Amino acid sequence: MKTRNYSRKREAILEKIRSTTCHPTADWVFQALREDYPDLSLGTVYRNLVLFKDDGSILSVATVGGQERFDGETRPHAHFICRQCGDVADIETPTVRQELASSLEQVGRHQVDRVDITAYGVCAVCLEVD
């Protein structure tokens, strides 16, 4: 993480993202923190999310329903996005990611630093509702 000025709001934003598995939006973070930080603005949340993305403290998973979704878990893992309800879930794919990275390095002679995998479909909850 790059050095930056300490701010209670900044640290609260980062901790809120890291403490949930719901892959929140900026608005979700803002709503979750505004009771404890009444002077927090949505602009402050957005600016800090950009800082956190840029320094690798969080990941941007995808844009779902017009809103960018974030992940505080930065270790390598994949995501599943439900096209009906918009839920974003973590999925473990170590073998698939390793094989893809290895294949790209061998075939294309690339240096692979990271492999992101996102699968799209209908989640189990939505399948049960139908």
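The values are calculated or read from the model by the stated rules, or taken from the named source; none is laboratory data. The structure presented is a predicted model; accordingly, all values stated were derived computationally and were not measured. As a convention, Cβ positions derive from the backbone with ideal geometry for all residues, glycine included, and neighbour counts pool all protein chains shown. Calculation scope for accessible area: heavy atoms of the full protein, side chains included, ligands and nucleic acids excluded. Shrake-Rupley method; radii C 1.70, N 1.55, O 1.52, S 1.80 Å.
Here are the numbers for the structure shown:
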| item | result |
| --- | --- |
| Inter-residue pairs, beta-carbon under 9 Å, first under 25 Å from residue 64 (Cα atoms) and in region 108-120, second at pLDDT 85 or above and among the charged types (D, E, K, R), 6+ apart | 120/83 |
| Counted residues, region 75-106 - those being aliphatic (A, V, I, L, M) and in a strand (DSSP E or B) | 5 |
| Qualifying residue in region 33-42 (condition: of a type in the set (Phe, Trp, Tyr) and farther than 21 Å from residue 10 by Cβ) | no |
| Residue count, region 6-43 (criterion: open to solvent by 50 Å² or more (accessible area, probe 1.4 Å) and either hydrophobic (A, V, I, L, M, F, W, C) or within 18 Å of the chain's Cα centre (by Cα) (or both)) | 10 |
| Region 94-121: number of residues that are of a type in the set (Val, Ile, Thr) and open to solvent by less than 30 Å² (accessible area, probe 1.4 Å) | 1 |
| Condition check for residue 91: at pLDDT 95 or above, open to solvent by less than 80 Å² (accessible area, probe 1.4 Å) and touching a Phe, Trp or Tyr at 6+ places or on another chain (Cβ under 6 Å) | no |
| Of all residues in region 114-130 being modelled with pLDDT of 85 or more and charged (D, E, K, R), the one that is farthest from the chain's Cα centre (by Cα) | 128 |
